[in-house]
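The values are calculated or read from the model by the stated rules, or taken from the named source; none is laboratory data. Keep in mind it's a predicted model, so treat the numbers as computed, not measured. Cβ placement follows ideal geometry from the backbone for every residue including glycine, while neighbour counts extend to all protein chains displayed.
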Amino acid sequence: MADKTYNTILYDLDDGVLTLTLHRPEKMNAFTGEMMMEMIDAFDRADADDNVRAIIVTGADRAFCAGADLSQGAKTFDYEARDDRPDKAGSAMKNGEIDWSDEKVRDGGGRLTLRIFESIKPVIGAINGAAVGVGVTMQLPMDIRIASTKARFGFVFARRGIIPEACSSYFLPRVVGISKALEWCYSGRVFDAQEALDGGLVRSLHEPEDLLPEARRIAREIADNTSSVSVSLTRQMMWRMLGADHPMEAHKIDSRAIYSRGQTEDAKEGVMSFLEKRQPEYPCKPSKDMPSFYPWWEERKYS
């Protein structure tokens with residue numbers, strides 16, 4: 001199922017696998033405010049649709065995403081000077097000083113990565129070409145990243161007089177370690193796919209023509225063999241436990257999850273399909289069958 005309603009991305013759902021394609025090929029899929037809002041909307045739609053079992057994110061033509069659109073020249077990163085950001089209308093200045101709590105201060109790349117982080121569907125990045133700036137930081141909350149041998153990566157922020165954005169100070173050290181994260185960000189250099197693989201940024205490299213088939217193979221393995229509710233819970237458990245201060249926090253959530261899941265039709269189906277040597281058909285859906293303790297992290301707001 002293809003959707004033509006977006007201007008900067010393509011939304012294509014096929015047999016449970018949603019492919020989101022960054023689609024500004026004439027600009028190497030450079031990131032804009034409109035693309036940010038369309039990607040956030042696409043993830044909202046995917047989470048609400050039980051037919052979506054896995055999401056692949058890739059780029060059109062020869063690039064994944066060449067970073068922020070620099071067509072505004074010197075005022076590219078000056079939100080107050082921009083006249084093309086509908087999400088930033090007005091000023092964050094109040095009484096001659098910046099109101100740091102104002103919504104207009106927020107970084108667009110960070111708004112997107114936070115939305116990807118919140119996804120209840122597994123996310124696979126198929127990095128087909130150049131991925132620099134926000135083109136690489138938006139990948140960090142994706143669960144599995146694979147790359148074309150032609151891909152290039154760069155945390156180029158210091159070379160543009162800014163800093164790593166899109167929550168990358170949280171995600172990047174957790175993905176590749178603090179030393180590698182700082183080396184790449186300090187230098188701002190562009191590096192090849194092999195270095196990305198060696199540094200742990202991507203899981204595997206593939207010839208360009210094999211990249212999307214491999215991404216779809218991974219997605220199909222998830223879609224065809226697993227409980228969608230179990231996968232949704234697992235995704236949130238793994239990511240959110242990265243910040244836990246003791247394994248007891250994981251034990252609490254594991255215990256709730258295994259206790260509640262064990263009583264479901266999914267758990268019965270998982271056992272019986274194995275014993276009967278047949279393909280499982282899991283009936284539970286994330287839209288209506290998440291356990292009562294979900295989302296458990298909201299508890300901290302009231303404690």
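Which members of the range 92-111 meet the condition of being among the basic types (K, R) and in a strand (DSSP E or B)?
Matches in the range 92-111: K94 only.
Would you mind finding the one in G129, G154, G133, G125 that is under 30 Å from R261 (Cβ atoms) and surrounded by 19 or more Cβ atoms within 10 Å (Cβ to Cβ)?
G125
Answer yes or no as to whether I120 is modelled with pLDDT of 95 or more, surrounded by 17 or more Cβ atoms within 10 Å (Cβ to Cβ), assigned by TED's automatic domain parsing to the domain that holds T19 and not in a strand (DSSP E or B).
Answer is yes for this residue.
Please determine, by comparing only the residues of the range 15-26 that are touching a residue at least 24 places away in the same chain (Cβ under 8 Å) and surrounded by fewer than 16 Cβ atoms within 10 Å (Cβ to Cβ), which one is farthest from E221 (Cα to Cα).
Selected residue: P25.
What is the number of the single condition among (1) of a type in the set (K, R); (2) surrounded by 15 or more Cβ atoms within 10 Å (Cβ to Cβ); (3) more than 18 Å from the chain's Cα centre (by Cα) that R216 does not meet?
(3)
Which is out of contact with any Phe, Trp or Tyr (no Cβ under 9 Å at 6 or more places or on another chain) and over 25 Å from N51 (Cβ atoms), of M272, M238, M248?
M248
Just need a number here: residues in the range 231-266 that are part of a helix (DSSP H, G or I), of a type in the set (G, A, S) and within 26 Å of I124 (Cβ to Cβ).
Of the residues in that region, 3 qualify.
Please name all residue pairs, on different chains or six or more residues apart, with Cβ atoms under 9 Å, provided the first residue is in the range 245-266 and is exposed (fewer than 11 other Cβ atoms within 10 Å of the Cβ) and the second residue is assigned to a helix (DSSP H, G or I).
P247/M241
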